[in-house]
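The values are calculated or read from the model by the stated rules, or taken from the named source; none is laboratory data. Computed from a prediction, not measured in an experiment: that's the story for all the values here. Virtual Cβ from ideal backbone geometry, glycine too; neighbours counted across all protein chains shown.
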Amino acid sequence: MEEYVNILLMLLMCLLISLALFLFSFLAASKQYTWEKVSSYECGFQPFEDSRNKFDIKFYLVAILFIIFDLEISYLFPWALCLNNIEYIGFVSMLIFLIILTIGFVYEWMKGALDWD
């Protein structure tokens, strides 16, 4: 149980800091509501078409690209921290994971997700 005291203290500090920042932003925020603040945001102009139009495939490709890099970073940090403690199989499994993600990245590149018109 003594090992978890540091984790509990860190969680409590994070909670206190989060609550303090939330309360500060709530108290410091302007309470004057104007038409521009309460209107819907449509990229700076009024909507002129139906909202159920088809999206360009680039939106989906960018979303997949974001997921690829997000997964890579979220798994690489813990792996790098325990790299000295894992054996050869841990290194090989991460290498296979990175190869799979690289194949996804090359697929995105070939589909033209990185080229903007």
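Does region 32-47 contain at least one residue that is modelled with pLDDT of 80 or more and either surrounded by 10 or more Cβ atoms within 10 Å (Cβ to Cβ) or among the small types (Gly, Ala, Ser) (or both)? Among the residues of region 32-47, not one is modelled with pLDDT of 80 or more and either surrounded by 10 or more Cβ atoms within 10 Å (Cβ to Cβ) or among the small types (Gly, Ala, Ser) (or both), which makes the answer no. I'd like to know if region 16-27 contains one or more residues that are loosely packed, with under 10 Cβ neighbours inside 10 Å, modelled with pLDDT under 80, not charged (D, E, K, R) and not assigned by TED's automatic domain parsing to the domain that holds Val106. Checked region 16-27: no residue is loosely packed, with under 10 Cβ neighbours inside 10 Å, modelled with pLDDT under 80, not charged (D, E, K, R) and not assigned by TED's automatic domain parsing to the domain that holds Val106.
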